[in-house]
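The values are calculated or read from the model by the stated rules, or taken from the named source; none is laboratory data. Predicted model only: the values in this text are computed from it and were never measured. Cβ placement follows ideal geometry from the backbone for every residue including glycine, while neighbour counts extend to all protein chains displayed.
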Amino acid sequence: MALHRGEVYAYTPVLPRPGQSLLRLIVSADALNDSSIPITLGLQVVDHDPGSLLSVHLDGHGWAVVTTIEQVMKRRIGELAGRISTDEQNAVDNALRAAVDL
């Protein structure tokens with residue numbers, strides 16, 4: 001499966017928890033996504049506005065929450081739910097930079 005930065009996927013967590021998002025926005029570089037490493041990096045996409053400056057609205061998907069960045073096991077990624085726009089990707093990039101002070 002070819003994963004790309006900016007794509008939103010259905011995801012099955014290893015240990016599902018009530019209320020946990022089942023969508024992930026891929027944020028890692030495509031070089032990592034294309035590698036044999038079994039993980040990639042993603043953000044949880046939630047259906048409600050969490051009210052955080054580090055959350056970005058994704059049209060048609062919900063809100064990407066930068067503070068939920070996590071290792072995403074590639075084998076647990078399901079179907080492609082969509083791709084975010086260039087403006088949305090820029091907003092996610094800015095929020096990631098703000099979160100880690102880059």
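Scanning the range 47-69 for residues being within 20 Å of LEU32 (Cβ to Cβ) and either touching a helix residue (DSSP H, G or I) at 6+ places or on another chain (Cβ under 8 Å) or not in a strand (DSSP E or B) (or both) gives a total of 3.
Scanning the range 18-45 for residues that are part of a strand (DSSP E or B), buried (at least 19 other Cβ atoms within 10 Å of the Cβ) and of a type in the set (A, V, I, L, M) yields a total of 5.
Considering the range 77-89, the residues that are in contact with a strand residue (DSSP E or B) (Cβ under 6 Å, 6 or more places away or on another chain) and outside any strand (DSSP E or B) include one that is surrounded by the fewest Cβ atoms within 10 Å (Cβ to Cβ), namely GLU88.
Of the residues making up the range 46-73, those that are touching a Ser or Thr at 6+ places or on another chain (Cβ under 9 Å) and either surrounded by fewer than 12 Cβ atoms within 10 Å (Cβ to Cβ) or closer than 13 Å to VAL27 by Cα (or both) are ASP47, ASP49, ASP59, ALA64, VAL65, VAL66, THR67, THR68, GLN71, VAL72. Scanning the range 1-17 for residues that are of a type in the set (A, V, I, L, M, F, W, C) and surrounded by 13 or more Cβ atoms within 10 Å (Cβ to Cβ) gives LEU3, VAL8, ALA10.
Would it be correct to say that VAL72 is assigned to a strand (DSSP E or B), in contact with a Lys or Arg (Cβ under 6 Å, 6 or more places away or on another chain) and in contact (Cβ under 8 Å) with a residue 12 or more places away in the chain? Yes. Within the range 49-69, residues that are on the phi > 0 side of the Ramachandran plot have Cβ atoms under 8 Å from residues that are at pLDDT 95 or above and not small (Gly, Ala, Ser) in these pairs: GLY62/LEU23; GLY62/VAL45; GLY62/VAL46, counting only partners at least 6 apart in sequence or on another chain. Filtering the range 9-47 to residues that are more than 15 Å from the chain's Cα centre (by Cα) and not hydroxyl-bearing (Ser, Thr, Tyr) leaves VAL14, LEU15, PRO16, ARG17, PRO18, GLY19, ALA31, ASP34, ILE37, PRO38. Restricting attention to the range 1-17, which residues are in contact (Cβ under 8 Å) with a residue 24 or more places away in the chain and either assigned to a loop (DSSP other than H, G, I, E, B) or of a type outside the set (A, V, I, L, M, F, W, C) (or both)? Of everything in the range 1-17, those that are in contact (Cβ under 8 Å) with a residue 24 or more places away in the chain and either assigned to a loop (DSSP other than H, G, I, E, B) or of a type outside the set (A, V, I, L, M, F, W, C) (or both) turn out to be MET1, ALA2, LEU3, HIS4, ARG5, GLY6, GLU7, TYR9, TYR11, THR12, PRO13, VAL14.
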